[in-house]
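Okay, structure first, notes after.
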Amino acid sequence: MTQQGVRQGVRWTADQVLALAPDTASRKAGSKLGVAGPWSEAGSSDEGTVWGLCKGSGSKPYRTVIDTADSTGPAYKCSCPSRKFPCKHALGLLLLWAGEDGAVPRGEAPDWAREWIEGRRKRADDKRAADASGSPPSGDPEAARRRAERRAEWITAGAAELEQRLTDLLRGGLASAEQAGYGLWEETAARMVDAQAPGLAARVRELGAIPSSGPGWPVRLLEECALLHLLDQGWLRRERLPDGLAATVRSRIGLPGAADGPPVRDRWLVLAQYDTADSRLTTRRIWLHGTGSGRTALLLSYGAAGRAPELALPVGLTLDAEVSAYPGAGQLRVALGERFAPAEPTEFRPPGVDVARAVAQYGVALRDDPWLESRPVTLGRVVPVPDGDGWQLADADGELALPLTPSARSRSGLWRLVALSGGAPVTVFGECGHLGFSPLTAWPEGPGEAVTLC
């Protein structure tokens, strides 16, 4: 498929641009460059190209070019030395373009911008042609099968060792976990890494942070130990499980899987996008909602520590695209396939449910995936109200409320939500789990654009 461009009249909002920033510092720096002052020779095209020269500290301005019609989201090229994607110059240029005040007029791209765009799109076309050729995968299938069997044996040995360590902990009493300190858990996690079970290793590390974490920590530790024991037993007895649940166990253990579900084409509304990071990896979560199918789907993208993942989609736009599901009972993760048209604004909003329905849906989801920490849900007609030291979302037409998670209460997005509501009902998309509700995107009761909260 030849890449299609963004129509000249379709511009993003400032919120949609700033949601692409890799961190808070880039968001602030990009906002300062979103004015005409530092820019010269800026322009845009019907094919989705935006370019400009930004004055920097050196004698030569930075050349910045953006492909807003790239199949994986906006693509960026800047001559500045920053290793962040997008850099502050790309964010500033997009903000200037989003302003619709004539600062980025329609025109013909200069040679340096056109060469980069044409090169990117030719490589993308070549890759699509290679994928469509149906060439068989390289490598020895028999060797791959043997590697998979060896890894399964290592994971089984690691799971058996973890079961013994959990047994020793319970026999010695939970108080011994506080005395042992974090070193015991880190050692156990390292053993799970050696067993090639990164999912087990991550859950073990989380256990290490619970002792002495505040009142009630023994109960929380016991709950997490029970879930870890359940995952262990699921792996050790995976051959007796239904196919869907067995696939979920493999995913939770950390075994990679392929998106082998049939392609589903829909107009996908980008509901939310946010990053989480640790010392090794940055993970980007992008929530989609099918405007025709009513299906909610999750895209995951990864980047090395300190670098933003490549995939980025502006919140509030819709994509005419195909997605394919990953295996697993109750799993929402998909892979993004072919896109048939540029992203464009929409007035569509996902239908909301009340608090009782949201909690019930999370309970049903736990049946298919007992290790599920939260479930995506859209709350309709809720009002943010204070609750002692915290906040909650209360049904405007009922008596129930959902508390916000501790992390949500500490984000600046909470005050954006409160300001958007002003005491009136709003529609809020977020993640509902055992810790409460984490709001990600909101819409006002009447006409209005999506407001990002993460």
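Tabulated values for the structure
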{"item": "Lysine pairs with alpha-carbon atoms under 22 Å apart, the chain, spacing 8 or more or separate chains", "result": "18"}
{"item": "Neighbourhood net charge (14 Å Cβ-Cβ; Lys/Arg +1, Asp/Glu -1) for residue 151", "result": "+3"}
{"item": "Probe 1.4 Å - accessible area at residue 307, Å² to nearest ten", "result": "90"}
{"item": "Environment charge at residue 309 (Cβ cut-off 9 Å; Lys +1, Arg +1, Asp -1, Glu -1)", "result": "0"}
{"item": "For segment 196-266: accessible area per residue (Å², 1.4 Å)", "result": "52"}
{"item": "From the coordinates shown, mean projected area of the Cα convex hull in nm² corresponds to which of (i) 19.6; (ii) 24.9; (iii) 22.1", "result": "(ii)"}
{"item": "Net charge over other residues, Cβ less than 15 angstrom from the Cβ of residue 362 (K, R count +1; D, E count -1)", "result": "-2"}
{"item": "Accessible carbon and sulfur surface of the chain relative to its total accessible area, %, 1.4 Å", "result": "53"}
{"item": "Theoretical gain in end-to-end length, residue 407 to residue 220 [0.36 nm per residue, Cα-Cα removed]", "result": "65.6 nm"}
{"item": "Inter-part distance where segment 225-262 and segment 412-454 are each reduced to a Cα centre, Å", "result": "34"}
{"item": "For peptides 428-438, 88-98, sequence by mean Cβ density within 10 Å, most packed first", "result": "88-98, 428-438"}
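The values are calculated or read from the model by the stated rules, or taken from the named source; none is laboratory data. Since the model is a prediction, treat every value here as computed from it, not as a measurement. Note that we place each Cβ from the backbone using ideal geometry, even for glycine, and neighbour counts take in every protein chain shown. Heads up: the accessible areas ignore ligands, DNA and RNA and are worked out on the full protein's heavy atoms, side chains in. Shrake-Rupley method; radii C 1.70, N 1.55, O 1.52, S 1.80 Å.
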